[in-house]
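**Q** This structure is in structure tokens; I'll ask about it shortly.
The values are calculated or read from the model by the stated rules, or taken from the named source; none is laboratory data. Note that this is a predicted model, so its numbers are computed, not measured. Cβ placement follows ideal geometry from the backbone for every residue including glycine, while neighbour counts extend to all protein chains displayed. Each accessible area value is taken on the protein alone, full model and side chains, heavy atoms only, with ligands, DNA and RNA left out. Shrake-Rupley method; radii C 1.70, N 1.55, O 1.52, S 1.80 Å.
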Amino acid sequence: MAKNIQSLERAAAMLRLLAGGERRLGLSEIASSVGLAKGTAHGILRTLQAEGFVEQDAASGRYQLGAELLRLGNSYLDVHELRARALVWTDDLARSSGESVHLGVVHQQGVLIVHHVFRPDDSRQVLEVGAMQPMHSTALGKVLSAYDPVAHSEAVEGEREAFTARTITALGEFEAVLDLTRARGWAADVEETWEGVAAVAAPIHDRRRMPVGAIAITGAVERLCPAGELRPELVAAVRECARAVSRDIGAGRF
């Protein structure tokens, strides 16, 4: 029988310890609780911190669980429940809007498309489930960056490539867009990622009011923005769809 890896067992013990308390813990408390020398415990905590699983308070030096664990915990919901909960609502949104609908989640510094409903016409379309979209330029990515602290860090610290002349790459301008997104509850992408394509997206929240994904309507600019601005009924429709999915996964009313 293969032996367990001791360092992983110790790291798991520390994470369980931090998850079980309601306050931050110091290095001495953690080392004592898991039966390790302070030097050994500090090395493991430093590694967990580098991976985002643990955070250290700058003022007190105490440790707490990190944001990366939140994302890993949400991955179960993303894979096993989020898509299932969104199926009916996204189908209805595609039918009512006449456009394609995407459901996306944060994954590896980008947005992973986990569900795609085709535009309800006879045009040839390519299934995009499993595709990755950029975080900084898409409507889905902006919404997730605005509400998810891990996504925000990745969008701010990563390279913001200019895909078109409209792509926002300057940090100050990008942060202003995220502030606007939080203020109005939705984000837009009008030819910022692909020429001739526009999108509008809204966030999905779980029962803890944490963001677990986003829904977007995507289509040709001339259909989504016939007068130069996004059609307000599409904005309202995608927001209501996201709220409906949020309610289905226990978020209550927004």
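**Q** To the nearest 10 square angstrom, how much accessible area does THR167 have with a 1.4 angstrom probe?
**A** THR167 has an accessible surface of roughly 20 Å² with all protein chains in place.
**Q** Using a 1.4 angstrom probe on the protein heavy atoms only, line up MET132, MET14 by accessible area, largest first.
**A** Ranking MET132, MET14 by accessible area, largest first, yields MET132, MET14.
**Q** Helix-derived [θ] at 222 nm for the chain: sum -39500 (n - 2.57) over DSSP H runs of at least 4, divide by residue count, nearest 500?
**A** -14000 deg cm²/dmol
**Q** Follow-up question, since we're still on this one. Ignoring everything but the protein chains, give the 1.4 Å probe accessible area of LYS38 in square angstrom, nearest 10.
**A** For LYS38, solvent-accessible area is about 110 Å².
**Q** Taking R0 as 22 Å, what's the FRET efficiency between GLU222 and VAL156 from their Cβ-Cβ distance, rounded to 0.05?
**A** That pair, GLU222 with VAL156, gives E of 0.10.
**Q** Additional query: When the convex hull of the C-alpha atoms of region 127-254 is computed, what volume per residue in Å³ does it have?
**A** 112
**Q** Efficiency by 1/(1 + (r/R0)^6): what FRET value for ALA19 and ARG95, r their Cβ-Cβ distance, R0 = 45 Å, to the nearest 0.05?
**A** About 0.60, to the nearest 0.05.
**Q** Let me have the relative contact order for the chain, percent, based on Cα pairs under 8 Å that are six or more residues apart.
**A** Relative contact order comes out at 14 percent.
**Q** Please calculate the 1.4 Å probe accessible area of TRP194, with all protein chains present, and give it to the nearest 10 Å².
**A** For TRP194, the solvent-accessible surface is approximately 110 Å².
**Q** Separate question: Taking the simple approach of a point 7 Å from Cα along Cα-to-Cβ for both ALA183 and SER7, what is their distance in nm?
**A** 4.8
**Q** FRET efficiency for GLN109 and ASP248, Cβ-Cβ distance as r, R0 = 35 Å, nearest 0.05?
**A** In this case the efficiency is close to 0.80.
**Q** Another question, then. Would you indicate which of [x] 18.4, 55; [y] 18.3, 67; [z] 20.8, 68 is the value of Rg and Dmax of the Cα atoms in Å derived from the coordinates of this structure?
**A** [z]
**Q** Quick one: longest stretch of the chain between exposed loop GluC sites (Glu not before Pro), exposed meaning at most 10 other C-beta atoms within 10 Å and loop per DSSP?
**A** Counting at most 10 other Cβ atoms within 10 Å as exposed, the longest clean stretch of the chain is 23-158.
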